[in-house]
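Notes to accompany the following structure.
None of the figures in this text is laboratory data; all of them are computed from the coordinates on show. All figures in this text were calculated on a predicted structure; none of them were measured in a lab. Neighbour counts are summed over all protein chains in view; Cβ atoms, including those assigned to glycine, are modelled from backbone coordinates with ideal geometry.
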């Protein structure tokens with residue numbers, strides 16, 4: 001799930017990408033001992049592999065897209081950024097993600113890592129990053145145009161909807177907008193989000209998933225869904241949404 005970089009309309013917003021740039025493991029050297037010892041950071045690994053570490057960036061991107069479209073003066077842009085940073089600083093988001101992961105027992109934590117390290121999930125992460133890089137391409141635009149004029153098979157649509165639901169992909173994208181929009185409204189008195197933006201965000205996120213998995217078979221999609229359905233992973237994601245919404 002790629003929350004931080006995937007871009008959506010209306011206020012040109014972005015869809016969930018959940019990957020950190022750096023490894024969560026670190027190398028430490030003990031007083032004079034030159035052999036590096038790798039420290040284990042299960043929470044950091046889970047956050048990185050789930051893509052949730054891009055959530056704070058997603059909130060900033062949503063706000064920035066609106067500010068750019070309206071050509072807001074740089075001084076007012078700083079005001080908006082400052083207001084968002086008070087609650088949605090990356091460290092605040094990381095604290096919530098880690099706290100909820102740490103509330104799970106050892107078996108649950110390992111189950112989450114096992115699911116997120118599965119080959120089907122790793123393959124999907126690669127496909128998402130490739131799709132993100134293709135968003136400005138003619139192929140991407142042509143695919144979206146066809147998708148909006150030619151209804152996909154009902155069975156395929158059901159699988160994409162199920163994948164979105166178990167990944168909490170579009171719900172995280174909506175959550176990011178729910179965080180950014182009130183701050184924008186506070187600083188831009190004449191601005192309002194587009195009517196029906198939440199439904200449109202969900203639709204566009206699912207369209208993105210159609211593109212990501214345009215060469216993925218139904219059988220492969222079912223395997224991917226099965227990994228995301230891991231009970232501990234679902235519990236973690238479900239616990240996160242209300243805590244993140246309260247930031």
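General observations
- Gained length - residue 241 relative to residue 40, 0.36 nm times residue gap less alpha-carbon distance: 69.8 nm
- Classification of region 37-174 by its C-alpha gyration tensor yields an oblate form. The axis ratio a/c (a ≥ b ≥ c) is 1.5 or more, and b/c is at least a/b.
- Compared with the direct C-alpha span, the chain from residue 185 to residue 136 gains 14.8 nm at full extension, assuming 0.36 nm per residue.
- The gain in end-to-end length when the residue 76 to residue 192 segment is fully stretched comes to 40.1 nm, 0.36 nm per residue minus the alpha carbon separation.
- Rounded, prolate or oblate (a/c below 1.5 giving rounded, otherwise prolate when a/b exceeds b/c) for region 192-244 by Cα gyration tensor: oblate
- Label-to-label distance, residue 165 versus residue 215, with points set 7 angstrom from Cα along the beta-carbon direction: 2.9 nm.
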